[in-house]
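Trainee: What follows is a structure written as structure tokens; I'll ask about it next.
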Amino acid sequence: MKIAKILVLLAIVLLATNFVSAQNLDILYVKINGETFDVADGNHTNNLKVERGDELEVRIRVQAVVDVDDVQLHALIAGSRYEEDFDDLYETTDSFDMSVGDVDNIDLDLKIPVTMDQGYYRLRLWVTDRDGNAYDQDYQLHIIGVGEEDAVVIKDYSFSPSSTINAGRAFTATVRVQNIGNDDLDDIKVTVSIPELNVKDSEYLDELEADEKETLEEFLLRIPDCAKPGSYDVEIEVEFDEYESTTETTQITVLPGDLCVAAGEGRTVVTVPEQQEFEAGSEIAYPIMIANQGTSAKTYTVAVSGVEAWGTSRLSPSSVVVVPGGTTKTIYLYVKADEGVAGQKVFIATVESEEDSEAFPLTANVISSENSAGGLKKGLEVALVVLVIILIIVGLIIGFNKLRGSEDEGTQTYY
């Protein structure tokens, strides 16, 4: 789409030469970054030298030769190899009207992308009106690399396996840098660090030539076992030319790990069955096992919510328990469903200490007491039928044994 736009704009510029004799607007002068510049002569004798990354403030003074409607002014630096640069290299005004003799100043802002090749380019300015009449002028630009202090840029970076890491785990970083300056550089140092966690890793480049890109892939950083979950800044710093540097900052997310046993503290591990099945009107126990893996005693409080709408709950021996370091204690959560209740019910058990709190969603599969009675009756009927069949089979076996005994007696031989 952007290529099509450029082609259309170039077509308008070429078309402008057919209307010079009938121009309705005149460009009186052009100032670039406050300096007045003459029209390009084609011999590179009047060039505005700009660096990659520079912003150009272009002021154009125009005068209406006749009354004009829906005037637009356009500015374009053509020649970039990348479509993504188009938005920086082209700008146009909204349409406006001018009466004969009117003079107006038009301001446009352009930017030289850091991806632009070094060399000579034309800044093309042209004015169009409703009738299609156009008038254009070209100005010569000489784009060079940036100064030594800004010569290296961080083009891209990524983390593997992702930017979300569990405490105690390691991740690798890939960093891509480019020298957008005019000269080759030696001894480039790239460092990836997480200052708050005091972890970092560095890699070196012996040389980075002008316009060269280089990818470094050997960074390895390990999140400490007891790092607090949350977001942390990751700094990517490139040091070059003895005293120059550039830095990018991004973030990673640290999740809880399973290797942390800090002195005097330690993790808490709570084990509770997520689902139980029982009959309406009866009571079932959910054992909540609280393991304090630290070295000092902790006090835990258990609270239950979400049962009140369909049943009752109680905690035994208490809702509060003190667990010494390195030991496990159990609180029993008893849940009872009201008569007539059936189906799957979800409720919450929350275990809280002085340091933190965690909620556990639990499920009760409640069987209706009527369904239970019907099932019992059906079960008894099936058992009775099975018993009758067993008795018949036993009777047949006894009868066959007696018949065989009689036959044996009739054929016995005596000596």
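Read-outs throughout are calculated quantities, based only on the coordinates presented, and are distinct from any laboratory measurement. Given the structure is predicted, the values throughout are model-derived calculations rather than measurements. Positions of Cβ are generated from backbone atoms using ideal geometry, with glycine treated the same way; all protein chains shown enter the neighbour counts.
Trainee: Please list 3J(HN,Hα) in residue order for segment 26-37, calculated via the Karplus relation 6.51 cos²θ - 1.76 cosθ + 1.60 where θ = phi - 60°; whole Hz, with x for glycine and proline.
Mentor: 10, 8, 6, 7, 10, 10, 10, 6, x, 9, 6, 10
Trainee: Between segment 296-319 and segment 48-66, what is the separation of their alpha carbon centroids in Å?
Mentor: 73 Å
Trainee: Work out the length of the dipole vector of segment 86-159 about its Cα centre, built from +1 on the beta-carbon of each Lys and Arg and -1 on the beta-carbon of each Asp and Glu, and round it to the nearest 20 debye.
Mentor: Numbers: 5 positive and 18 negative charges, 65 e Å.
Computed charge dipole of segment 86-159: roughly 320 debye.
Trainee: I would also like to ask the following. Among the listed pairs 155/228; 111/155; 31/111; 155/189, give every one whose C-alpha distance is greater than 21 Å. Working shown, then result.
Mentor: On the way: 155/228 31 Å; 111/155 18 Å; 31/111 15 Å; 155/189 15 Å.
Correct reply: 155/228.
Trainee: Give, in nm to one decimal, the length gained when the segment between residue 138 and residue 348 is fully stretched (0.36 nm per residue of separation minus the Cα-Cα distance). Don't jump to the answer; show the numbers that get you there.
Mentor: On the way: separation 210, 0.36 × 210 = 75.60 nm, distance 7.30 nm.
Roughly 68.3 nm would be gained on extension.
Trainee: Please give the length that would be gained between residue 78 and residue 253 if that part of the chain were fully extended, namely 0.36 nm times their separation in residues minus their C-alpha to C-alpha distance (nm, one decimal).
Mentor: 58.8 nm
Trainee: Continuing with the same structure: Once you charge only the Cβ atoms, +1 for Lys and Arg and -1 for Asp and Glu, what is the size of the charge dipole of segment 149-255 about its Cα centre, to the nearest 20 debye?
Mentor: 1200 debye
Trainee: Another question, then. What is the gain in length, in nm to one decimal, between residue 270 and residue 385 on full extension, counting 0.36 nm per residue of separation less the C-alpha to C-alpha distance?
Mentor: Separation in residues times 0.36 nm, less the Cα-Cα distance, equals 36.6 nm.
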